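Here the structure is laid out as C-alpha cells; the discussion comes afterwards.
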Amino acid sequence: MGKKRRGPTLDELLARPWCYYCERDFDDLKILISHQKAKHFKCERCGRRLNTAGGLSVHMSQVHKEQLTEVDNALPNRVGLDVEIFGMEGLPDDVLQAHQQRVATQFQQAEAERQAVTGNPPSGGGSGGGQPAKKPKLEQPSDLKKRLAEHKAKRAEMLAGGSSGEATPVGAGQPAPTPTPTPAGYSQTPPAAAPASQYPYPQPYGGAAAPPFQQTASPGYQAFSPASGKQTPVAAPYPPSGYSPQPFPAGVSGQPPAPGYGATPPPFPQQQPTPTDANLPSRPGSLPSASGLPQRPAFGAPPVNAQQMQQMHMGHPIPPTPTTAGHANGDTSKETGQVSSSVDDLISGAAKDAAAKGPEPSEKPAKKEKSKLMRMIFSDETTSPEEKMAQLPRYAFVPDRTAPTALGELPGAVVVGTIRESDTVVDPTH
Amino acid sequence: MSSNQFTVASPPADAISALKFSPDPNSARIAVSSWDKNVYLYDLRDENGIVGEGKLLQKFEHRAPVLDVCFGKTENEIYTAGLDWDVRKIDVNTSTQTVLSSHEAGVRNVVYSLEHNLIISGSWDSTLHVHRPDAGANPDSLPTIVPLPSKPFSLSLTATKLVVAMASRALHIYDLKALALLSAQADETAAGGNRVEVEPWQRRESSLKFMTRSVACMPDDAGYASSSIEGRVAVEWFDPSPESQARKYAFKCHRQTSEDNVDVVYPVNALAFHPVHGTFASGGGDGVVALWDGITKRRIRQYQKYPSSIAAVAFSGTGRHLAIAISPGFEDGKDDVPEGIVKIFVRELGETEAKGKGAK
C-alpha cells in the first residue's frame, strides 16, 4: 500500500499520442512520428522512410514504378491511403472519438478490476475521486441519478436511526466500500437481531424495527411501505413476513435470517427482484437508488449468494429454522400460488444473471483478454476440417477394391457356415 | 505496402488442399492439390526461364479429391496423396501415375526426404507408409507400415527428422536415419504387408490445447512450429535438454474482435518456414498471412487480408517468392463448405521482406 500513485490518470491516457494505423500509443509525439516512419511509411524496396502514406505512394510509383495499395503493418480497417496522417494530424474525427471512448472504457475497466482485486477505493491516482471524476464523461445523466440515489439512500439511512451506524462497517467489509447503502442498511438490523429473535418474533420486530421501516421505505421504495402496512395486519401471527424487504440483502450478510423470510416473495412480487437484479428492464424509474446499488454487489457478491437467494425464494427449508419455513410455505400456497412461481422465475433469472456476472471478476485480474468471450471458427477436437469435408457427399469416394475384398471375404464367411457339411463331404478324400 | 503480388492464372475449380514450391532453388514450379480431384503444376518461369506471372503447365486428374502433394528428387517428380486412399508418384515428363501404396483410409499427407530418399505418407488409418523409391532390385517392394497412436494431421521434415502431428494432441518425432534403416530391413525380411513398430525418437504432447492443424520444421533442423485450430502457434526445439525446452513458447494470432467484443478465433491452417532467413509464415482462417521471426519472437509483417481462408502457404526454394493459396474454409456448424474464392497468389518478396529483425 506504500504506492501512492498506481498509474496514469484518464486525462494522461487520453493525452497520449497514438498511431492511427495500429492504435498503439506513445509517450511522445516525436516517437509516434518516428514509429510511423519506420512501421508504416517505410519503403519496402529501398528502406527509405517517408513522412506520410501519400509521400510513400509517390515514392513507390516514381522510384520503383510500383503502386502502393495499402499501408504496411496497419490494422485491417486502417490500411487505406485516402487518409493523410502525420503524427496526430489528419485523424478523422470519428476515429479519434472512438479511440478516446475506447481508452476511457479500458481505463474504467482496469480501474474496476483493480477495485475488485484490491478492494481499494475507486480513486485511481493520488487525486481524489477517480471513478466519480471520469464517469461523468461517459454518461452524465445516469451517473447523476446514481449519485442522487446514493445520497437519498444515505439520508434514508440517517433517518433509520442507530441501525445505520452498524450498517456501514459491515458494508465496508465487502469490496464495494461506502456506497452499499440502502439494502445494507436494511439488512443490518436483522442480522444483529434476527438469529436471536427468530422464534420470539413479534415483540422485537414490532417494537424496534417497524417504525424505521415505514419511514425509510417511503423515500427509497415507495411501494414497500403500503405493502408492509397491509401485511402486518393480515399476517399478524407471522410478523417476519411483513418485513420482507429485509431478507434479500440480509441473505448476503448472513444465512440464518434468510429461511425465515422464505415466505416473503408472494406479498411483494414486483419489488423482490429489484434488490437482487441490476439489469431487470422492468425496474420502475421511481427507484433510482436501485440502479446505483446493484452495480457494486455485482463485484462483491459471489455467485453463491445468488443461489442461496434462489433457494430461499424457492421456499426450500434450510435446517436451522424448520418451523418458520413451514409457516412460510403455508403462506405462499394459500395467498398467491401463481404469483410466487412467476416471482421464482424472475428471481432465478436474476440469479442466473448474477451467476453469469459472478465468474467475471475472478477471471479479469488474470488477463484482460481472457474476460473476452471467444468464438472459435472451428472447434471440433477430434475431426479435422479435411475429414469433415471428406464426409461430404460430393467428395465421397469408395475405393473400387473394397468391393472385391469384401466379396473375397464374404464367401469365406459363408464357407464357415457350410464347413461342417463340406467336411463330411471332404472327409472321404482324406 | 505492396510487394509485387500477382495471382496465378487458371486456379483449381474447388478448394485447395495443399500447395508446395519445388525445393530446388533453380526451379520455380508450384504443385497444387485440390478437392476438385486434380493436381495442378504451375511454373513461374516462361520459356526463356525468366520468372514472371506463371502459368499452368499440367493438370493430373485423380479418382478422388487430392489432399497433399510434394515434389520428389527433381521438379519433374511429384508425389500425391488423396481420398482414394492411394499414394501416387507422377512423372511429369511422361504424365504417368504410379500407385506406390494404398492405405486403409484417406491419405492426408505426403512428404519426400531428399537426404534419405524416402517418401512418407500419413493416413487417417493411423499409419505412416514409408516408401523407398529406389528399392533397386525389388521394384515391387511394399512400403513399410508404421502404426501411429492417432490419426496424423500434419507431417514435416528436416534433413534428419520427421515430425508427425496427430489427433489427441499427440506428436511424434522420428529419426529419419532410423526410419530409413528399419524400413530397409523390413523390406528385406518380410515379403509383404510389413508392419513395423518404430519407436519414435521423441514423443511429445502438443504445447497447444487444441487440435493441431499444421506443423512445420525449421530449415536449420533445430526445431519446429505447430499451429492449432484455436488461433495459436507454438515454437519449440528438438533438443530435449531443459535449457532448450525452456525456450519453447506459443502465441496467439489470427483472431479478430467482432463488434460485440467477442474474440473470433480462426484456425491457423498453414505454416511454412523461409528456407534462408529461418523466419516463418502463418496462414489463418481469417484470410491473413503473417510473417514471424521465431527466434526474436516478433512479427515481421502481416499482409492485407485475403478474400478467403488461407489454405496453404509456401516459400520458394530461394525464398524469393511466397505462394499463398486461398480457399473457403470449413467452419463450425456448417454442413458444407461455403462458397468462396479459390485463388493462388504469389508474392515476390523484397530482399529483406522476410528477414528477421534484431532482438528488441
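The values are calculated or read from the model by the stated rules, or taken from the named source; none is laboratory data. Computed from a predicted model, the values in this text were never measured in an experiment. Don't worry about glycine lacking a Cβ; one is built from the backbone with ideal geometry, like all the others, and counts go over all protein chains shown.
Structure data summary
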{"quantity": "B:A272 away from chain A (no Cβ under 14 Å), free of Cβ contacts under 8 Å to residues at least 60 places away in the same chain, within 25 Å of B:P328 (Cβ to Cβ) and small (G, A, S)", "calculated": "yes"}
{"quantity": "Identity of the residue in the stretch B:245-266, more than 22 Å from B:Q302 (Cβ to Cβ) and basic (K, R), that ends up farthest from the other protein chains (Cβ to nearest Cβ)", "calculated": "B:R247"}
{"quantity": "Matching strands (runs of 3 or more DSSP E) fully within the stretch B:1-76 where at least 2 residues are crowded, with 21+ Cβ neighbours inside 10 Å", "calculated": "B:16-21, B:29-34, B:38-45, B:51-61, B:66-71"}
{"quantity": "Residue that is nearest to the chain's Cα centre (by Cα) [pool: residues in the stretch A:381-394 that are within 7 Å of chain B (Cβ to nearest Cβ) and not hydrophobic (A, V, I, L, M, F, W, C)]", "calculated": "A:E381"}
{"quantity": "Filtered residues of the stretch A:76-122 (kept if within 13 Å of chain B (Cβ to nearest Cβ), surrounded by fewer than 14 Cβ atoms within 10 Å (Cβ to Cβ) and not in a helix (DSSP H, G or I))", "calculated": "A:G80"}
{"quantity": "Per-region count, the stretch A:48-57, residues assigned to a helix (DSSP H, G or I), away from every other protein chain (no Cβ under 11 Å) and touching a residue at least 24 places away in the same chain (Cβ under 8 Å)", "calculated": "1"}
{"quantity": "Number of the condition not met by B:P242 [criteria: (1) surrounded by 20 or more Cβ atoms within 10 Å (Cβ to Cβ); (2) away from chain A (no Cβ under 13 Å); (3) within 26 Å of B:L176 (Cβ to Cβ)]", "calculated": "(1)"}
{"quantity": "Test: residue in the stretch B:19-31 that is within 14 Å of chain A (Cβ to nearest Cβ), over 29 Å from A:E70 (Cα atoms) and among the hydroxyl-bearing types (S, T, Y)", "calculated": "no"}
{"quantity": "The stretch B:90-112, subset away from chain A (no Cβ under 14 Å) and crowded, with 19+ Cβ neighbours inside 10 Å, residue nearest to B:D36 (Cα to Cα)", "calculated": "B:I90"}
{"quantity": "Scope the stretch B:175-200; condition at pLDDT 85 or above and touching a helix residue (DSSP H, G or I) at 6+ places or on another chain (Cβ under 7 Å); matching residues", "calculated": "none"}
{"quantity": "Selection status of B:G350, within 14 Å of another protein chain (Cβ to nearest Cβ), surrounded by fewer than 19 Cβ atoms within 10 Å (Cβ to Cβ) and farther than 23 Å from A:V71 by Cα", "calculated": "no"}
{"quantity": "Selection status of B:V164, in a strand (DSSP E or B) and touching a His at 6+ places or on another chain (Cβ under 7 Å)", "calculated": "yes"}
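Each row is one residue, and each column tells you yes or no for (1) of a type in the set (D, E); (2) assigned to a helix (DSSP H, G or I); (3) within 12 Å of chain B (Cβ to nearest Cβ); (4) under 37 Å from the mean Cα position of the chain (by Cα).
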{"position": "A:I31", "(1), (2), (3), (4)": "no, yes, no, no"}
{"position": "A:C46", "(1), (2), (3), (4)": "no, no, yes, no"}
{"position": "A:H59", "(1), (2), (3), (4)": "no, yes, yes, no"}
{"position": "A:Q62", "(1), (2), (3), (4)": "no, yes, no, no"}
{"position": "A:Q67", "(1), (2), (3), (4)": "no, no, yes, no"}
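Conditions tested, residue by residue: (1) within 16 Å of B:V164 (Cα to Cα); (2) more than 14 Å from the chain's Cα centre (by Cα); (3) modelled with pLDDT under 95.
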position	(1), (2), (3)
B:T212	yes, no, yes
B:G231	no, yes, yes
B:F238	yes, yes, yes
B:P242	no, yes, yes
B:Q245	no, yes, yes
